[in-house]
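These notes are about the structure you will find just below.
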């Protein structure tokens, strides 16, 4: 039995987690909230060591040390642009750990403990799904594999068969808790996870990370039930519930439904973008042409995207904007809520370059201004200004709110190539006669622009 | 049976709390919030320690230690990476101070 003081300690840790989540919802308190969450977690681990007096103490401490070093190094070294995939990976290993814990608990589940057996089966299956799904997500974001939806003939049938098989195996495990059935269940969970994420298009991946995060939360809750540990139960449920809501909020911000994201590609070809660059004519210009357009405009709006982050061009961009402002041009940044690879990505990036907050304008706030804007400078963004989201009902991003860059007098795209954006669909705006393209790495292009601007 | 009912009650109440606490989040904070929640489910570490600490056969100890490593990566890495993200979200006031330096 767990001593009362430990139970109370767990309660304190659980409260830390609740307050941490609350604080994370507001910019002012977010950082303190995260620290409080970490404090709660440390408290919980210390209590566990003291209250349960685990055997194999030294190996456990070594494993703890290894994990700590790995986690700290991984998260310290990662570049800002690679953060989403790191979160996916952390989520995956959490799900994997939950599945392993449940597998080890199988031996202690006895006849008659039906609910505990169900919770164990659930943890194994969903933990494995979360693990393999997160690994595929990681591979997609890291561009170790194609970011486009991967669909092969028979995938829907195989997927449904696997899910039914998983449920049947879970039922078997509940009636007869044997370890090898558990391992089989784990394997089928891994397969389901892979098939769940493969058909998801690149732009929807952050939403899938959030969903898998909620899955892992629920497995931790179920694991807590099996172990009779209220802290795991509360923390896992909190994350499961908050993660589910967050998934819905993120999908809403992109104008997508979670169901469509997961199963759209399986149901029909409509979520597939063309993915190939067409050879239609475009107008491309040199740095001087673009510098003249910018330098003699009255009003310019910058639309930053993932390309800016990849090129680490945020400082150069700020220099360019300051030069324009010195010439008397009114310049703002238009921040699409899902620009980049994660919501808030651009705010983080531009904040790092110390762009003043007031110049970062949210989509709803600035969308009316495009009509009276002379030049829109799109730096490494694509899907967030794609008019297909408004005009082409068959496009995968149809319905997503976009920045109305197409309403401006002139549009300039800084692009590496004609390759379509993350959603894998063509952007009509690129072929518009009012559009000028400047090819090259965003930082090189911006550096050239800045130099050219000083001469015109 | 009463214990299961107690646990079920905790589950249902925690689910409502989870939805309630994050219902008013701005889209800018979606990613750090997701990352923070991700770190919180790293407390499965507690479960991994408990199960490993009771393990009797060598193979279960090995699997348990693997679970401890994975859960620790999730928890420690999760909190550190969230902190790094939030480091960038300093308010305008904090940034001004920095510029004055």
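None of the figures in this text is laboratory data; all of them are computed from the coordinates on show. The shown structure was predicted, so the numbers you read here are calculated from the model rather than taken from an experiment. Please note: Cβ atoms are built from the backbone with ideal geometry, for glycine as well, and neighbour counts cover all protein chains shown.
I want to make sure I understand the PRE zone here: with the label point 7 angstrom from the Cα of residue A:283 toward its beta carbon, which residues in segment A:422-456 have backbone N atoms less than 13 Å away?
A:430-438
Determine, for A:138, A:159, A:413, the number of other Cβ atoms within 10 Å of each Cβ, and report the residues in order from fewest to most. Write out the running numbers ahead of the final one.
Details: A:138 24, A:159 19, A:413 28.
Placing the least packed residue first, the sequence is A:159, A:138, A:413.
Pairing the Cα long axis of helix A:155-175 with the longest principal axis of chain A, what angle in degrees results, from 0 to 90 and rounded to the nearest 10?
20 degrees
Along its principal axes, what span do the Cα atoms of chain B show, with the longest given first and each in whole Å?
61, 34, 18
Compute the label zone of residue A:327 within segment A:430-456: residues whose backbone N is under 19 Å from the point 7 Å along Cα-to-Cβ.
Flagged as within label range: A:435-439, A:443-456.
Using a simple spin-label model with points 7 Å from Cα along the Cα→Cβ vector, what separation in nm is obtained for residue A:152 and residue B:57?
That separation, rounded to one decimal, is 3.4 nm.
At 0.36 nm per residue, and after removing the present C-alpha to C-alpha distance, how many nm does the segment from residue A:73 to residue A:252 gain when stretched out fully? Intermediate values should be presented prior to the final figure.
Values: separation 179, 0.36 × 179 = 64.44 nm, distance 3.41 nm.
Extending this stretch completely gives an extra 61.0 nm.
At a threshold of 8 angstrom on Cα-Cα distance, excluding pairs fewer than six apart, so keeping six or more, what relative contact order does segment A:78-271 reach in percent?
Rounded, it is 27 percent for segment A:78-271.
What spacing in nm lies between the two simple spin-label points modelled at residue A:431 and residue B:13, each 7 Å away from Cα in the Cβ direction?
Between residue A:431 and residue B:13, the label points sit 6.1 nm apart.
If you take the beta carbon distance between residue A:8 and residue A:49 as r and set R0 to 25 Å, what does 1/(1 + (r/R0)^6) give as a FRET efficiency, to the nearest 0.05?
Rounded to the nearest 0.05, the efficiency is 0.95.
Expected output is a single nm value to one decimal: the length gained when fully extending between residue A:164 and residue A:82, i.e. 0.36 nm times separation in residues minus the C-alpha distance. What is it?
26.0 nm
Indicate the gyration tensor shape class of segment A:326-378 (rounded, prolate or oblate), computed on the Cα atoms with a ≥ b ≥ c the square roots of the eigenvalues: a/c under 1.5 is rounded; otherwise a/b larger than b/c is prolate and the rest oblate.
oblate
With runs of 4+ DSSP H residues as the only contributors, calculate the mean residue ellipticity of chain A at 222 nm using -39,500 (n - 2.57) per run, divided by the residue total and rounded to the nearest 500. Intermediate values should be presented prior to the final figure.
Details: 17 runs with 271 residues, N = 456.
Calculated at 222 nm, the ellipticity per residue is -19500 deg cm²/dmol.
Can you check what the Kirkwood hydrodynamic radius comes to for segment A:287-455, Cα pairs only, in Å to one decimal?
One over the average 1/r among Cα pairs gives 15.6 Å for segment A:287-455.
Given a cut-off of under 8 Å on Cα pairs at least six residues apart, what relative contact order in percent is computed for chain A?
Numbers: 788 pairs, mean separation 63.0, N = 456.
After rounding, I find 14 percent.
Can you put A:152, A:439 in order, fewest other beta carbons within 10 Å first? The partial results should precede the final answer.
Numbers: A:152 9, A:439 16.
With the sparsest Cβ surroundings first, the list reads A:152, A:439.
How big, in percent, is the set of alpha carbon pairs in chain A lying more than 27 Å apart?
Values: 60995 of 103740 pairs.
Tail of P(r) above 27 Å: 59 percent of Cα pairs.
If we count other beta carbons within 10 Å of each Cβ, what is the order of B:9, B:52, fewest first?
B:9, B:52
Output the Cα-based Rg and Dmax of segment A:43-104 in Å, rounding Rg to one decimal and Dmax to a whole number.
Spelled out, the Cα radius of gyration and Dmax of segment A:43-104 are 14.3, 42 Å.
How high is the relative contact order of segment A:287-455, in percent, counting Cα pairs under 8 Å that sit 6 or more residues apart?
On the way: 323 pairs, mean separation 48.1, N = 169.
Answer for segment A:287-455 is 28 percent.
In nanometres, what is the gap between the two model label sites at residue A:416 and residue A:392, each 7 Å from Cα along Cα-to-Cβ?
A separation of 2.2 nm, rounded to one decimal place.
What per residue convex hull volume, in Å³, comes out for segment A:165-247 when only alpha-carbon positions are used?
Values: hull volume 7.5 nm³, N = 83.
Given the Cα convex hull of segment A:165-247, per-residue volume reads 90 Å³.
Given a Förster distance of 56 angstrom, what is the FRET efficiency for residue A:364 paired with residue A:183, based on the Cβ-Cβ distance and rounded to 0.05?
That gives a FRET efficiency of 0.65.
If I build a Gaussian network model for chain B, linking alpha-carbon pairs within less than 10 angstrom, which residue out of B:50, B:59, B:40 has the largest mean-square fluctuation?
B:59
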